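The values are calculated or read from the model by the stated rules, or taken from the named source; none is laboratory data. Please read all numbers here as calculations on a predicted model, not as lab measurements. Cβ coordinates were reconstructed from backbone atoms using ideal geometry, including for glycine residues, and neighbour counts include every protein chain displayed.
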Amino acid sequence: MDTPDKKKRLPPYSYRPPVDLREEFERRVEASGLSTSAFITKHCLGEVLPSQHRNQPEQKKDLARLLHEAAQIKEALDELKAGHPDPEVLVDTIEQAKSELVVIRTLIMQALRRKS
């Protein structure tokens, strides 16, 4: 039985930072939010593909929580606007708060790399 030739991957490049710089290297990789490979690519070639970027899990959870809370605030403001007897002054306040929430939502969506 003949088996089809499998395409072999090219061997990876290996980088081992000097012992006295290893801790600094790892700190910079962690702070960048990139994988080690993406970090090296970015700093050697000046570019990194968007798919290589990774958010910290804690950061994603915080952003998702803020997005949820912003949605709840908007819903509460809409309910307040609908039930308030003198809406003239209240409407301006509510609209201003809603516009600020839109900005917050936009920034969160950008941080999550999603379309708003």
Inset, instruction - Look at Val48 and say whether it is in the same structural domain as Val29 (by TED's automatic domain parsing) and modelled with pLDDT under 75. - result: yes
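Each row is one residue, and each column tells you yes or no for (1) surrounded by fewer than 12 Cβ atoms within 10 Å (Cβ to Cβ); (2) modelled with pLDDT of 75 or more.
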{"residue": "His68", "(1), (2)": "yes, yes"}
{"residue": "Glu79", "(1), (2)": "yes, yes"}
{"residue": "Pro87", "(1), (2)": "no, no"}
{"residue": "Ala97", "(1), (2)": "no, yes"}
Legend entry - Scope the stretch 71-112; condition within 28 Å of the chain's Cα centre (by Cα) and of a type in the set (Lys, Arg); matching residues: Lys74, Lys98, Arg105
Inset, instruction - State all residues of the stretch 99-116 that are outside any helix (DSSP H, G or I) and surrounded by 12 or more Cβ atoms within 10 Å (Cβ to Cβ); if no residue qualifies, say none. - result: Leu112
Inset, instruction - Could you grab me the full set of residues in the stretch 12-38 that are of a type outside the set (A, V, I, L, M, F, W, C), within 26 Å of Gln59 (Cβ to Cβ) and assigned to a helix (DSSP H, G or I)? - result: Arg22, Glu23, Glu24, Glu26, Arg27, Arg28, Glu30, Ser32, Thr36, Ser37
